[in-house]
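The values are calculated or read from the model by the stated rules, or taken from the named source; none is laboratory data. Since this is a predicted model, take the numbers as computed values, not measurements. Note: ideal-geometry Cβ built from the backbone for every residue, glycine included; neighbour counts use all protein chains shown. Keep in mind that these areas ignore ligands, DNA and RNA; they rest on the heavy atoms of the full protein, side chains included. Shrake-Rupley method; radii C 1.70, N 1.55, O 1.52, S 1.80 Å.
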Amino acid sequence: KISRGGEKVKGKERTEKRYILKMAGAAAITFAPDAHEMGYYEGLFVTADVGRQGAIGGKEAVEFLSKSKLPVELLKNIWTVSDQNPKSNSLDRRKFFIAVRLIQLFQN
């Protein structure tokens, strides 16, 4: 469930300027870019993975994901939802792709 405070906005519920992402039960969110999108997502990951570690830590994530201009509270929730199975306090490619897709959904 994705909500934004109290009112409903395109299937999203709004409550007090707070953005909340809730996972239904323990279900994991999965996403894989289509073949024609993969180059775009890979390019974003390479750009964000400044340290070339194969995963993006908190500092790199803040620097890169804040370019989306989404509220910090929402970005924190996107990080939490994306960093699952297993939780590692970093985003590998698969988790990063999920985070980017969630950001895209909120931007549209």
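Worth pointing out:
- If the condition is being open to solvent by 40 Å² or more (accessible area, probe 1.4 Å) and of a type outside the set (Gly, Ala, Ser), then segment 43-71 contributes 46, 47, 50, 52, 53, 59, 62, 63, 67, 69, 71.
- Residues of segment 72-91 that are surrounded by fewer than 14 Cβ atoms within 10 Å (Cβ to Cβ), polar (S, T, N, Q) and either closer than 16 Å to residue 105 by Cβ or in contact with a strand residue (DSSP E or B) (Cβ under 8 Å, 6 or more places away or on another chain) (or both): 80 alone.
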